[in-house]
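Engineer: Take this structure, written in structure tokens, and hold onto it; I'll ask about it next.
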Amino acid sequence: MGVTAKANPWKYPSRNSGLMSGHQQTHRNFNLILPDTIMNADNETLKAKAASIWNWLKRWLEPTHLAALRPQLTFQTGVLAGFALLASVLLGMTNCSTEGTIQQRLAEDLQHSLAEVVPPELHDNDMLQDIRTIPSAEYNIAADATTVYISKKAGQVTAVCFKLTAPDGYSGAINMIMGIDRNGNLLGVRVLSHKETPGLGDKIEVAKSDWILNFVGRSLENLTPAQWAVKKDGGVFDQFAGATITPRKSVQAIYRGLQLFKAHQAELLHD
Amino acid sequence: MLPDAYRKIAADGIWHNNIVFGQNLALCPLLAVTGTATNGLGMGLATLVVITASNGLISLVRHLIPSEIRIPIFVLLIAALVTLVDILMNAWAHELYKVLGLFIALIVTNCALLGRAEAFASKQPVKEALWDGFMMGMGFLLVLVALGAAREISSTGTLFANASLLLGESFRFLEVTVIPHYKGFLLMALPPGGFIMVAFLIVGKRLIDQRLASKKSAPTIIPELAV
């Protein structure tokens, strides 16, 4: 390193703000880029510059020096901003790089739900791609527009499937998915998520009881509107001991789902 | 085996200053996710990763953090780490993510993380801080699994149900039925039962502490016999 005799180009006269300890001098080196030097440099000089930058950084990060800097408002602002920037960059990068994977997971979840209510032998298409949207605001299923997944076999529509919500469950919304065949018969219903009482209302889950399987084969034709209710209300569906509201509201929502299908049946079954 | 300082940190984290038994913190996520042992294990693993990383990170930059703004910076760093874990779990541990749901994000509100950052990580070197975070996390994980197991066995008679679903096929050996043909005890699956069970565990821990303390002071030599 041949810079010892000449004045060090990295050193600027320090400004003593009065807050720093007497024996420590700070080098305010804001201008680290000297284009001429870099343009004409060879390996040796570049290495020397890098080493001096590294030393400057090490001195700057010394605990005693930082202790002197910490009370200063500009430093505090800078640190807060720096950490906020670091956090934003890190989270932004992670979000971007995992977006595709997360979309894939959600598609897998949906595929799994569809498979539960539409038997696999009924379709040979990719139901996630064959979709139609129908307006559903008047049917009180917590969605102004419903995405309907169409199942086709050999080009002909065999069944449809869509998600619906009973907004008035005992403890909140009950999210369901149902599959209906061409003729309006239910192929299956499953509860995707709910907040009903464990041990009482959660019997609507297929894992907890077979209750939800009672809907297979039902339709608007083979049951009268009065029969589409729990037994307590004069209908044909069981209620649960200790929980009436959950099955009542679920049955009503499924009934509305069938009505929604009927209203758009022609348009959905059209190939 | 371990130097004294590290052994003390380990003993504190697992037992004496345990997040739940010693500091009585993090009771909300504790009661909410310990319906089953598997859920407790999953939550414990997520918290372990976050608390270790947050302790390490805060210790790494402790000299840069002025004390006037240390709380916002701690919260910023912890929240960033938790969001990171949340996104990564959604992508790579999706089943566990669906079960734990909101409670991963609630790790930010876990007082234990902010407490360790303030009391330990901001004052200690990186290695000690990492070890403390790891041990505190392990202590919390053990409590989560213990409480989850106690509640699961008493409410449904099984242990580690759905372990294979959440952790992978290789964990299927964990799923056991402890009490066959069990009628079920609903109270233990609900939060009040969780509170009651935690109380029992705390009492148990205190009894063990008492017994260990009395054993230590037991061999007192009667002066007259030492003639």
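The values are calculated or read from the model by the stated rules, or taken from the named source; none is laboratory data. Worth saying up front: this structure is predicted, and the values here are computed from it rather than measured. Neighbour counts run over all protein chains shown; Cβ positions are idealised from the backbone, glycine included.
Engineer: Can we say B:Ile65 is at pLDDT below 95, within 9 Å of another protein chain (Cβ to nearest Cβ) and crowded, with 21+ Cβ neighbours inside 10 Å?
Structural biologist: Criteria met by B:Ile65.
Engineer: Which numbered condition in (1) touching a residue at least 24 places away in the same chain (Cβ under 8 Å); (2) in contact with a helix residue (DSSP H, G or I) (Cβ under 6 Å, 6 or more places away or on another chain) is the only one that B:Arg70 fails?
Structural biologist: (2)
Engineer: I would also like to ask the following. Given the structure, is B:Ser155 small (Gly, Ala, Ser) and either in contact with a Leu (Cβ under 9 Å, 6 or more places away or on another chain) or not in a helix (DSSP H, G or I) (or both)?
Structural biologist: Values: small (Gly, Ala, Ser): yes; either in contact with a Leu (Cβ under 9 Å, 6 or more places away or on another chain) or not in a helix (DSSP H, G or I) (or both): yes.
Answer is yes for this residue.
Engineer: Just to check your reading of the model, which residue among A:Gly179, A:Gly184 is over 30 Å from B:Pro191 (Cα atoms) and not in a strand (DSSP E or B)? First the steps, then the outcome.
Structural biologist: On the way: A:Gly179 fails: not in a strand (DSSP E or B).
Only one candidate passes the filter, namely A:Gly184.
Engineer: I've got another one for you. What tally of residues in the stretch B:68-103 results from selecting those that are more than 7 Å from chain A (Cβ to nearest Cβ) and among the β-branched types (Val, Ile, Thr)?
Structural biologist: Adding up the residues that qualify gives 6.
Engineer: Among the numbered criteria (1) in contact (Cβ under 8 Å) with a residue 12 or more places away in the chain; (2) within 14 Å of chain A (Cβ to nearest Cβ); (3) more than 23 Å from A:Gly82 (Cβ to Cβ), which single criterion is violated by B:Leu57?
Structural biologist: (3)
Engineer: Another question, if that's okay. Do the conditions hold for A:Glu108, that is, is it facing another protein chain (nearest Cβ under 9 Å), loosely packed, with under 13 Cβ neighbours inside 10 Å and of a type outside the set (Gly, Ala, Ser)?
Structural biologist: It is true that A:Glu108 is facing another protein chain (nearest Cβ under 9 Å), loosely packed, with under 13 Cβ neighbours inside 10 Å and of a type outside the set (Gly, Ala, Ser).
Engineer: What residue, of A:Ala142, A:Ala87, A:Ala115, A:Ala159, is more than 30 Å from A:Pro198 (Cα to Cα), free of Cβ contacts under 8 Å to residues at least 60 places away in the same chain and more than 14 Å from every other protein chain (Cβ to nearest Cβ)?
Structural biologist: Being more than 30 Å from A:Pro198 (Cα to Cα), free of Cβ contacts under 8 Å to residues at least 60 places away in the same chain and more than 14 Å from every other protein chain (Cβ to nearest Cβ) holds for just one of A:Ala142, A:Ala87, A:Ala115, A:Ala159, which is A:Ala159.
Engineer: Would you pick out the residues in the stretch A:250-260 that are of a type in the set (Phe, Trp, Tyr) and surrounded by 22 or more Cβ atoms within 10 Å (Cβ to Cβ)? Talk me through it step by step, then tell me what you get.
Structural biologist: To start, the set of residues in the stretch A:250-260 that are of a type in the set (Phe, Trp, Tyr) comprises A:255.
Result: no residue meets the conditions.
Engineer: Do you know which residues across the stretch A:116-127 are over 16 Å from A:Leu164 (Cα atoms) and either surrounded by 12 or more Cβ atoms within 10 Å (Cβ to Cβ) or of a type in the set (Ser, Thr, Tyr) (or both)?
Structural biologist: Answer for the stretch A:116-127, where residues must be over 16 Å from A:Leu164 (Cα atoms) and either surrounded by 12 or more Cβ atoms within 10 Å (Cβ to Cβ) or of a type in the set (Ser, Thr, Tyr) (or both): A:Pro119, A:Leu122, A:His123, A:Asp124, A:Asn125, A:Met127.
Engineer: So how many residues does the stretch A:162-212 have that are aromatic (Phe, Trp, Tyr), over 18 Å from A:Ile134 (Cα atoms) and touching a residue at least 60 places away in the same chain (Cβ under 8 Å)?
Structural biologist: If we filter the stretch A:162-212 for residues that are aromatic (Phe, Trp, Tyr), which is where we start, we get A:162, A:170, A:211.
Okay, now just the ones that are also over 18 Å from A:Ile134 (Cα atoms), so A:170, A:211.
Keeping just the survivors that are touching a residue at least 60 places away in the same chain (Cβ under 8 Å) gives A:170.
Within the stretch A:162-212, residues that are aromatic (Phe, Trp, Tyr), over 18 Å from A:Ile134 (Cα atoms) and touching a residue at least 60 places away in the same chain (Cβ under 8 Å) number 1.
Engineer: Show me the helices (runs of 4 or more DSSP H) found entirely inside the stretch B:93-136 where at least 3 residues are touching a residue at least 24 places away in the same chain (Cβ under 8 Å) and loosely packed, with under 15 Cβ neighbours inside 10 Å. Give the derivation first.
Structural biologist: On the way: elements: B:94-100, B:102-105, B:111-116.
Per the criteria, no element qualifies.
Engineer: In addition: Among the numbered conditions (1) touching a residue at least 40 places away in the same chain (Cβ under 8 Å); (2) of a type outside the set (Val, Ile, Thr); (3) facing chain B (nearest Cβ under 9 Å), tell me where A:Leu122 comes up short.
Structural biologist: So the condition that A:Leu122 fails would be (3).
Engineer: Right, here's the next one. Surrounded by 23 or more Cβ atoms within 10 Å (Cβ to Cβ) and among the aliphatic types (A, V, I, L, M), is that true of B:Leu41?
Structural biologist: It is true that B:Leu41 is surrounded by 23 or more Cβ atoms within 10 Å (Cβ to Cβ) and among the aliphatic types (A, V, I, L, M).
Engineer: Quick check on B:Ser164: is it in contact with a Lys or Arg (Cβ under 8 Å, 6 or more places away or on another chain) and modelled with pLDDT under 85? Don't jump to the end; show me each part of the working.
Structural biologist: On the way: in contact with a Lys or Arg (Cβ under 8 Å, 6 or more places away or on another chain): yes; modelled with pLDDT under 85: yes.
Spelling it out, B:Ser164 is indeed in contact with a Lys or Arg (Cβ under 8 Å, 6 or more places away or on another chain) and modelled with pLDDT under 85.
Engineer: If you go through the stretch A:58-74, how many residues are assigned to a helix (DSSP H, G or I), more than 9 Å from B:Pro66 (Cβ to Cβ) and more than 8 Å from chain B (Cβ to nearest Cβ)?
Structural biologist: Residues in the stretch A:58-74 being assigned to a helix (DSSP H, G or I), more than 9 Å from B:Pro66 (Cβ to Cβ) and more than 8 Å from chain B (Cβ to nearest Cβ): 8 in total.
Engineer: Something else about it: One residue is enough: does the stretch A:140-153 have a residue meeting the conditions outside any loop (DSSP other than H, G, I, E, B), among the basic types (Lys, Arg) and buried (at least 21 other Cβ atoms within 10 Å of the Cβ)?
Structural biologist: Scanning the stretch A:140-153, I find no residue that is outside any loop (DSSP other than H, G, I, E, B), among the basic types (Lys, Arg) and buried (at least 21 other Cβ atoms within 10 Å of the Cβ), so the answer is no.
Engineer: Would you check if there is a residue in the stretch B:151-168 being among the aromatic types (Phe, Trp, Tyr) and either surrounded by fewer than 17 Cβ atoms within 10 Å (Cβ to Cβ) or within 13 Å of chain A (Cβ to nearest Cβ) (or both)?
Structural biologist: We begin by selecting, within the stretch B:151-168, every residue among the aromatic types (Phe, Trp, Tyr); these are B:160.
Imposing the further condition that a residue be either surrounded by fewer than 17 Cβ atoms within 10 Å (Cβ to Cβ) or within 13 Å of chain A (Cβ to nearest Cβ) (or both) reduces the set to none.
No: zero hits.
Engineer: Still on this structure: Looking only at residues that are under 13 Å from the mean Cα position of the chain (by Cα) and surrounded by 13 or more Cβ atoms within 10 Å (Cβ to Cβ) in the stretch A:85-103, which one is farthest from B:Ala93 (Cα to Cα)?
Structural biologist: The qualifying residue farthest from B:Ala93 (Cα to Cα) is A:Asn95.
Engineer: Within the stretch A:186-202, which residues are over 19 Å from A:Lys163 (Cβ atoms) and modelled with pLDDT of 90 or more?
Structural biologist: Within the stretch A:186-202, none qualify.
Engineer: With the checklist (1) within 13 Å of chain A (Cβ to nearest Cβ); (2) over 28 Å from B:Ala112 (Cβ atoms) in hand, flag the one item B:Pro191 doesn't pass.
Structural biologist: (2)
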